[in-house]
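Notes to accompany the following structure.
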Amino acid sequence: MGTIDGEIPAVWFFITSVGFIILSVIQYKKFGKSIETIFLSIMAILFAISYLILIFRQ
């Protein structure tokens, strides 16, 4: 089992982003455009951007 050494692996940001995307789609299908759907979509975008920053950071 590997150690994290105080650093969050980038793959966790990707997994979380995909999770937020799935949750926002389910929320949108059930309740339409609501504040919760917008919040989940914003969280998905923020985590996706964070993932891309961690991947392309040199």
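Where a number appears in this text, it was derived from the coordinates with a stated rule and is not lab data. Model, not experiment: these values are computed from the prediction. We place every Cβ from the backbone using ideal geometry, glycine too, and count neighbours over all the protein chains shown.
Suppose R0 equals 25 Å; then what is the FRET efficiency for residue 53 and residue 23 from their Cβ-Cβ distance, rounded to the nearest 0.05?
Details: r = 22 Å, r/R0 = 0.89.
E(calc), rounded to 0.05, equals 0.65.
Please work out how much length the chain gains when fully extended from residue 15 to residue 30, using 0.36 nm per residue of separation minus the C-alpha to C-alpha distance, in nm with one decimal. Please list the in-between numbers first.
Working: separation 15, 0.36 × 15 = 5.40 nm, distance 2.29 nm.
Between residue 15 and residue 30, full extension yields 3.1 nm more.
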